[in-house]
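The values are calculated or read from the model by the stated rules, or taken from the named source; none is laboratory data. Please read these numbers as outputs of a predicted model, since none were measured by experiment. All Cβ positions, glycine included, derive from the backbone under ideal geometry; neighbour counts span all protein chains shown.
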Amino acid sequence: MKRLTAFWLSAFYLCTTSLQAQSIIPERDSSAISLFEYATKIPRRNNVFNLNLEMHASFNTFFTGNKLDEAAFRFNHIKLEAAGEVNDRLFYWYRQNLNQGNEGMELENLPESIEYALIGYRLNDKFTVILGKQDAAWGGFEYDLNPFEIYEYSDMNEYMDCYFTGATLAYQLTPSQELRVQVTDNRIGSMEDAYGVLPAGIEKPRAPLFYTLNWNSNYLDEVVNLRYSATAGEQAKGKWMYMAWAGHNVCSGPFDGYLDVMYTRGPLDPLGILTELVPAADEDEEGPVCLRNVQYLSFVAEMNYRFHPKWNVFAKGMYETGSIYKGGNSEDAPPSGKYRTAWGYQAGIEFYPMADENLHIFLTGTGRSYSLTGKAKALGASIENTGKISIGFIYKLPLY
């Protein structure tokens, strides 16, 4: 899924402007032309406005334990995207997920469905400023993919919110080295929206922000690529969470693979995974109290093999742990130690029928297995292994 950054998106649009300005309309076997151009035979002569529809739909068979749970069709993603270049320096990007609600969230006064609502300005060849709703500048390659192309995320990327309002300064040190400094909100709604029932004594911070330093680089003519980041954010008054993410990618010929290592810790459960394992003490309660001092570690690896221009096979593995790094004796502060281990495994095949990669048809199988320690079981936690088989399509349709 490439969760494309606005800087690279704008570069892509600049590179494709010459194609879109051609007067001859080719056969519609790729995204070199939009649906509007193909239908009207009228070529666009600028790159000010581009409109895309992203779709990911499939027939899924879900298993819980060893039993069939449900089999049904599902639209996993349907998104509208508008982006373009106002001039050589100013660009914009808007994307909305139609699968999510439109109620404005308390902190940002935006619905969660809006993923991008930004403008960018290139100060010169080295510096670019990005303002507005954007993706957090975290490392890793699973995170950097476009969400509508992902079949199953790791826990870390599935549970972490990643689109926030803020500001980014990007510095292109060399053609192969980029630094980003970013300040964004660290939640989009209230503290209760982010963490659930709060422990006693928790006060909201005056500046609920993420501060991120991101370094992206490539080597050997983009055969080796790295995406590293470090992030700090104040979850509650005087209580800070920290993240360190590192992504490593090798792309050579038909082979393309990555290994991501992601670590997150916070005085309030930053993902909510361990907290949701604990049953509520009372049926009338909204949920369990958010656990304190929780950390997560994730390893995610994927390998793709393009054995034919129109065919790709891939395999993906995930190993993730959830622990409490500083325990206590109260109900919302259980003893320290590991509580949960998760393994994920996925394999699939993809078929690309058109001249580009905008449309592909897939068949995938995904399994997740879990192990809870005695500490987790003492809290009343339980979880079953799951599986899924999916067949469907992914299509990014250029409308205009």
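Take the residues in segment 50-74 that are hydrophobic (A, V, I, L, M, F, W, C) and loosely packed, with under 14 Cβ neighbours inside 10 Å; name whichever of them is farthest from the chain's Cα centre (by Cα).
68
If I go through segment 350-388 residue by residue, how many of them are surrounded by 14 or more Cβ atoms within 10 Å (Cβ to Cβ) and either closer than 23 Å to residue 306 by Cβ or of a type in the set (Phe, Trp, Tyr) (or both)?
16
Just to be sure before I move on: is residue 153 of a type in the set (Phe, Trp, Tyr), outside any loop (DSSP other than H, G, I, E, B) and modelled with pLDDT of 95 or more in the structure I sent?
So residue 153 fails the test.
Give segment 112-130 a look and list any residue that's surrounded by 15 or more Cβ atoms within 10 Å (Cβ to Cβ), within 14 Å of residue 165 (Cα to Cα) and not polar (S, T, N, Q), or say none.
Selection gives 112, 114, 115, 116, 117, 118, 119, 120, 130.
So which residues in segment 32-49 are within 23 Å of residue 120 (Cβ to Cβ) and either surrounded by 16 or more Cβ atoms within 10 Å (Cβ to Cβ) or in contact with a strand residue (DSSP E or B) (Cβ under 6 Å, 6 or more places away or on another chain) (or both)?
If the condition is that a residue be within 23 Å of residue 120 (Cβ to Cβ) and either surrounded by 16 or more Cβ atoms within 10 Å (Cβ to Cβ) or in contact with a strand residue (DSSP E or B) (Cβ under 6 Å, 6 or more places away or on another chain) (or both), then 34, 44, 47, 48, 49 are the ones that fit.
Here are some residues: 322, 287, 327. Which one is within 16 Å of residue 373 (Cα to Cα) and not in a strand (DSSP E or B)?
Of the residues listed, the single one that is within 16 Å of residue 373 (Cα to Cα) and not in a strand (DSSP E or B) is 327.
Please state which of the following conditions residue 217 fails to meet, knowing it meets all the rest: (1) more than 25 Å from residue 322 (Cβ to Cβ); (2) without any contact (Cβ under 8 Å) to a residue 60 or more places away in the chain; (3) assigned to a strand (DSSP E or B); (4) out of contact with any Leu (no Cβ under 6 Å at 6 or more places or on another chain).
With respect to (1) more than 25 Å from residue 322 (Cβ to Cβ); (2) without any contact (Cβ under 8 Å) to a residue 60 or more places away in the chain; (3) assigned to a strand (DSSP E or B); (4) out of contact with any Leu (no Cβ under 6 Å at 6 or more places or on another chain), residue 217 is out only on (4).
Looking at (1) touching a Ser or Thr at 6+ places or on another chain (Cβ under 8 Å); (2) in contact (Cβ under 8 Å) with a residue 40 or more places away in the chain, which is the one condition that is false for residue 71?
Going through (1) touching a Ser or Thr at 6+ places or on another chain (Cβ under 8 Å); (2) in contact (Cβ under 8 Å) with a residue 40 or more places away in the chain one by one, residue 71 breaks only (2).
Return the residue satisfying two criteria in turn: it lies in segment 164-193 and is among the polar types (S, T, N, Q), surrounded by 16 or more Cβ atoms within 10 Å (Cβ to Cβ) and outside any loop (DSSP other than H, G, I, E, B), and of such residues it is farthest from the chain's Cα centre (by Cα).
Residue satisfying both the conditions and the ranking: 172.
Identify the single condition in (1) farther than 19 Å from residue 145 by Cα; (2) in a loop (DSSP other than H, G, I, E, B) that residue 222 does not satisfy, given that it satisfies every other one.
Of the numbered conditions (1) farther than 19 Å from residue 145 by Cα; (2) in a loop (DSSP other than H, G, I, E, B), the odd one out for residue 222 is (1).
Being surrounded by 20 or more Cβ atoms within 10 Å (Cβ to Cβ), of a type in the set (Ser, Thr, Tyr) and out of contact with any Lys or Arg (no Cβ under 6 Å at 6 or more places or on another chain), is that true of even one residue in segment 145-159?
For segment 145-159, residues surrounded by 20 or more Cβ atoms within 10 Å (Cβ to Cβ), of a type in the set (Ser, Thr, Tyr) and out of contact with any Lys or Arg (no Cβ under 6 Å at 6 or more places or on another chain): present.
From 121, 94, which residue is of a type in the set (Phe, Trp, Tyr) and more than 29 Å from residue 151 (Cβ to Cβ)?
The conditions single out 121.
If you take the residues in segment 350-384 that are charged (D, E, K, R) and part of a strand (DSSP E or B), which one is nearest to the chain's Cα centre (by Cα)?
Filtering first and then ranking leaves 368.
Can you give me the number of residues within segment 93-111 that are touching a Phe, Trp or Tyr at 6+ places or on another chain (Cβ under 8 Å) and within 16 Å of residue 164 (Cα to Cα)?
4
Give the number of residues within segment 248-272 that are more than 20 Å from residue 211 (Cβ to Cβ) and either among the small types (Gly, Ala, Ser) or buried (at least 21 other Cβ atoms within 10 Å of the Cβ) (or both).
The qualifying residues number 7.
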